[in-house]
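For reference, the structure discussed in these notes is given below.
The values are calculated or read from the model by the stated rules, or taken from the named source; none is laboratory data. Fair warning: this is a prediction, and the values are worked out from it, not measured in the lab. In case anyone asks, the SASA skips ligands and DNA or RNA and just uses the protein heavy atoms, side chains included. Shrake-Rupley method; radii C 1.70, N 1.55, O 1.52, S 1.80 Å.
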Amino acid sequence: MILAESKLLRAVLANCGVPVRDRDDVLQECLIGAVVAVREGRYRPEPRLHPRRVLQRWLIGIAVHLARKYHEKAYRRREHAVPRQLAYARREGYNLKQLYWWR
């Protein structure tokens with residue numbers, strides 16, 4: 001049931017600004033964390049509510065938490081997501097000051 005929500009979690013991570021290159025890794029952390037929590041008995045849904053909606057809300061909370069953690073780590077490492085064109089330009093040796101003339 002948890003794996004069935006992978007598409008939803010990918011969308012949440014995208015909305016939280018996790019770059020495509022790292023999205024699969026963060027998604028994997030989210031799914032593993034959810035499975036471990038279920039096995040440890042930390043997932044206790046309210047029996048009166050719709051089970052799938054409760055699961056989705058819980059997984060979204062995990063995904064948002066891990067996305068925030070991802071951005072905090074990236075900030076500490078001083079990493080910033082850049083468009084592919086800028087990464088290519090940097091790799092090919094273009095003068096980035098000329099590319100940022102509008103700043």
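Quick one: which residue in ARG57, ARG91, ARG44, ARG68 is open to solvent by 60 Å² or more (accessible area, probe 1.4 Å), at pLDDT below 90 and assigned to a helix (DSSP H, G or I)? Talk me through it step by step, then tell me what you get.
On the way: ARG57 fails: at pLDDT below 90; ARG44 fails: assigned to a helix (DSSP H, G or I); ARG68 fails: at pLDDT below 90.
None of the other options fit; the residue is ARG91.
Being over 14 Å from ILE2 (Cα atoms) and part of a helix (DSSP H, G or I) is the filter here, so list the residues in segment 17-41 that pass it.
Residues of segment 17-41 over 14 Å from ILE2 (Cα atoms): 17-26, 40-41.
Listed by number, the residues that qualify are VAL20, ARG21, ASP22, ARG23, ASP24, ASP25, VAL26.
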